[in-house]
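S.K.: A single structure is presented below for examination.
The values are calculated or read from the model by the stated rules, or taken from the named source; none is laboratory data. Fair warning: this is a prediction, and the values are worked out from it, not measured in the lab. In this analysis, Cβ positions are derived from the backbone assuming ideal geometry, glycine residues included, and neighbour counts consider all displayed protein chains. Remember, those area values only see protein heavy atoms, side chains included, never the ligands or the DNA or RNA. Shrake-Rupley method; radii C 1.70, N 1.55, O 1.52, S 1.80 Å.
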There are 2 protein chains.
Amino acid sequence: VAGEFDIIRRYFAPLAGPEGLGLLDDAACIPARPNHDTIITKDVLVACSHFFENDEAEDIAFKAISVNVSDLVAKGADPKHYFVGLALPSAIEETWLAGFSNGLKKAQDRYGIVLAGGDTVKTGGPITVSVTAIGYVPQGEMVTRKDAKIGDHIYVTGDLGASACGLKAIQGGKKADVSLLERYYRPKAQLSFAPVLREFASAAADVSDGLLADVGHVCMASNVGAAIEVDALPISAAVASFLTEHNIGRDITWSGGDDYEIVFTVRPDNVVALDLFMAENKLKATKIGTVNSENGVELIDRKGNLVQISKTGYQHF
Amino acid sequence: VAGEFDIIRRYFAPLAGPEGLGLLDDAACIPARPNHDTIITKDVLVACSHFFENDEAEDIAFKAISVNVSDLVAKGADPKHYFVGLALPSAIEETWLAGFSNGLKKAQDRYGIVLAGGDTVKTGGPITVSVTAIGYVPQGEMVTRKDAKIGDHIYVTGDLGASACGLKAIQGGKKADVSLLERYYRPKAQLSFAPVLREFASAAADVSDGLLADVGHVCMASNVGAAIEVDALPISAAVASFLTEHNIGRDITWSGGDDYEIVFTVRPDNVVALDLFMAENKLKATKIGTVNSENGVELIDRKGNLVQISKTGYQHF
């Protein structure tokens, strides 16, 4: 392929906002946004671990941005800028770069963000994509993981397990509805929930490691426990069919990663207003449990009995 | 090694500032800094390309931070926060993580910065370190690459070629002064020059790819040319001895990378004030050339004759 600077000029500079200074400098300049806090997140994706080396470059780019935007949304932040660090094998082709650039563009259009900078280097290893994403909340309104309180209701947006089913289908060569594959290859961050969380949530996290694991992160940071009702967990018709058809246990819906839904807690006296707001704005989130004083996260059935959990979610190392 | 969350708790959380929220969230919250612009840079370092896999973890960490701080300094920005994305082989040892954490701590202490967040993932490839560093300038005072003008004087801080000589010594098993090895393994960013650049520089870049290449980046962004005087290029006594002893050409001082000095341009009517300021504050930068209307960067000797250049600097791909 062309040199490093040609790559930047051709595939990245057209995506840059004014803060990126045409990508001619090694840094971005972001003007102060008075009365706002800046929320910054950074996620690294590595081929063979977060995606397959032969996945479409467009999908890899879109997913890398979605994963980071999802983290911002979970803080109640409106995403605005992002940086991309790319480590690429030297044999990378122009078509790959063009596809990657297209994927970034589609993510930009969907999330209303612009490229502000980055770095492109060679690696002897797998494709590695490091994204830093930046968003804003009105001062003091960031939603953290640490303010869930006993008695809070627990909600999750959308539905669970679709991405994990998509992955299982891909790995096992199983037939699956296209919606499941789409959720794995091109997950969408729940952008429209950022203002909802700012208004109604006491704590939140995105569902990336697996529902129970991510509820666990909130509980740990808030020093509380949680009871999750197994029968309340929302799954799509496509997921239900896939599980039945391939005789796969439902645990994939609470331990499978990469959902990029948002799990959040709400004070009891906010619940009515939240439900009303969601109905008015055609947003879907389901109550799935309650914050309690126990240690850790429990899964319970209709009768309040414990459901055995073999695996809560994904951990590196 | 311990799990992902143990790693964060043990080796990274102790380095975090208040913006990092104890690293319990997936994002940092940075309060607005009124009347300041936020300067953000991101550099990715990959084993075998930017450092050797067996380099001390402490050196790798220190270098990764220095490289990014150097980019901020070149914009006239005072560094404040940084994020680290780490892709590590699964066989990584606790001692490596402890060393890496120590290196980050030493860089923090030197540069007055704190960790704000990051991500740690597994890779099947080489150790990959992605750093995002954040600094501030008073509103509108960022020093870019694009405002060099014909007639500006060109300065470079410190001295050139030490890191490239250190690398040559390591690769060739050659004897070298410890200062050369130190410059390669543990380069220092020119922190004290950030306010100098804001006050006196019209444009600047750090010397990371090689002096002529980096002057070239400034010229390209500013749409000017430059004449660099070969005999004015500052080199240390250790570099001079190393070149003589091993019969290595002086071109390494203008094409070798990783110097992390700053090359900057100054309007002619600012030169006297700059020289005075540097003398008062015991800072060293040397005039090495002049901005002109030519195309590209020329190296000239005492008589104004062109010096042939075989290589200007490092490019990925």
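S.K.: What is the log10 of I(q)/I(0) for the range B:190-232, computed with the Debye formula using one identical point scatterer on each Cα and no solvent, at q = 0.14, 0.16, 0.19 Å⁻¹?
M.R.: Result of the Debye calculation: -0.38, -0.49, -0.68.
S.K.: Moving on to the next point. Between A and B, buried accessible area summed over both sides at probe 1.4 Å, in Å² to the nearest 100?
M.R.: Counting protein atoms only, the buried area is about 5100 Å².
S.K.: Just to be sure I follow: if Rg is taken over the C-alpha atoms of chain B and Rh is the Kirkwood radius over the same atoms, what is Rg/Rh?
M.R.: On the Cα set of chain B, Rg over Rh gives 0.99.
S.K.: Counting Lys and Arg as +1 and Asp and Glu as -1, what is the net charge of the other residues whose Cβ lies under 9 Å from the Cβ of B:H246?
M.R.: +2
S.K.: What's the local net charge at A:I288, with K and R +1, D and E -1, over the other residues with C-beta under 10 Å away?
M.R.: My count for the surroundings of A:I288 gives -1.
S.K.: Using Cα springs under 10 Å in a Gaussian network model of chain A, which residue among A:G257, A:G304, A:G151 shows the largest mean-square fluctuation?
M.R.: Of the options given, A:G304 has the highest mean-square fluctuation.
S.K.: Something else about it: HN-Hα J couplings of the range A:193-206 from phi, Karplus 6.51/-1.76/1.60, θ = phi - 60°, integer Hz, Gly and Pro as x?
M.R.: In residue order, the calculated couplings are 8, 3, x, 5, 5, 4, 7, 10, 8, 8, 7, 7, 8, 8 Hz.
S.K.: Could you compute Rg(Cα) / (2.2 N^0.38 Å) for the protein assembly as shown, with N its residue count?
M.R.: Working it through for the protein assembly as shown, the quotient is 1.02.
S.K.: Right, something else. If the reach is capped at under 21 angstrom between alpha carbons, list the lysines near B:K105, excluding any in the same chain fewer than eight residues apart.
M.R.: A:K42, B:K42, B:K63, B:K80, B:K188
S.K.: If you don't mind, there's one more thing I want to ask. Report P(r) for the range A:137-244: all Cα-Cα distances, bin width 10 Å, range 0 to the bin holding the largest distance, values in whole percent.
M.R.: 13, 39, 31, 15, 2
S.K.: Among all the aspartates and glutamates, which ones have a C-alpha under 18 Å from A:K122's C-alpha, if same-chain residues fewer than 8 places away are not counted?
M.R.: A:E4, A:D6, A:D26, A:E53, A:E93, A:E94, B:D43, B:E53, B:D209, B:D258
S.K.: So if I take the alpha carbon set of the range B:158-317, get Rg, then get Rh from the Kirkwood formula, what is the Rg over Rh ratio?
M.R.: Rounded to two decimals, Rg/Rh equals 0.96.
S.K.: Per the Kirkwood definition applied to all pairs of different Cα atoms, how many angstroms is the hydrodynamic radius of the range B:1-146?
M.R.: Radius from the Kirkwood sum: 15.6 Å.
S.K.: Counting only other chains, and only Cβ atoms inside 10 Å, what mean value do you get across the residues of A:41-51?
M.R.: 6
S.K.: How long, wide and thick is the range A:1-73, going by the Cα atoms along their three principal axes, in whole angstroms, largest first?
M.R.: Its Cα atoms span 44, 32, 15 Å along the three principal axes.
S.K.: Give me the percent of the accessible area of the range B:47-202 that comes from carbon and sulfur atoms, probe 1.4 Å, all protein chains in place.
M.R.: 49
S.K.: Shifting gears a bit: Calculate the mean, over all residues of peptide B:136-146, of how many other protein chain Cβ atoms lie within 10 angstrom of the residue's Cβ.
M.R.: Other-chain Cβ atoms within 10 Å of each residue's Cβ, averaged: 3.
S.K.: Tell me, what does the Kirkwood hydrodynamic radius of the range B:98-170 come to in angstroms if you use every pair of distinct C-alpha atoms?
M.R.: One decimal place: 17.2 Å for the Kirkwood radius.
S.K.: Which ³J(HN,Hα) values, rounded to whole Hz and listed in residue order, are derived for the range B:213-221 from phi using the Karplus coefficients 6.51, -1.76 and 1.60 in 6.51 cos²θ - 1.76 cosθ + 1.60 with θ = phi - 60°, glycine and proline given as x?
M.R.: Using θ = phi - 60°, the values come out as 4, 6, 4, x, 5, 5, 4, 4, 5 Hz.
S.K.: Right, something else. Over the protein assembly as shown, with the other protein chains present, what is the accessible area per residue in square angstrom, probe 1.4 angstrom?
M.R.: I get 39 Å² per residue for this part.
S.K.: Additional query: I'd like the residues of the range A:13-28 whose 1.4 Å-probe accessible area shrinks by no less than 50 Å² going from the isolated chain to the full set of protein chains.
M.R.: Buried by 50 Å² or more upon assembly, which counts only protein chains, are A:L24, A:D25, A:D26, A:A27.
S.K.: Excluding B:Y260 itself, calculate the net charge of residues whose Cβ lies under 10 Å from the Cβ of B:Y260, where each Lys or Arg counts +1 and each Asp or Glu counts -1.
M.R.: Residues close to B:Y260 contribute a combined charge of -2.
S.K.: Can you work out the Karplus-derived ³J(HN,Hα) for every residue in the range A:20-31? Use 6.51 cos²θ - 1.76 cosθ + 1.60 with θ = phi - 60°, whole Hz, and x for glycine or proline.
M.R.: x, 6, x, 6, 8, 9, 8, 8, 9, 10, 10, x
S.K.: At what distance in angstrom do the alpha carbon centres of the range A:166-181 and the range B:93-162 lie from each other?
M.R.: 42
S.K.: Tell me the accessible surface of B:F5 in square angstrom (1.4 angstrom probe, heavy atoms of protein chains only), to the nearest ten.
M.R.: Here the accessible area works out near 70 Å².
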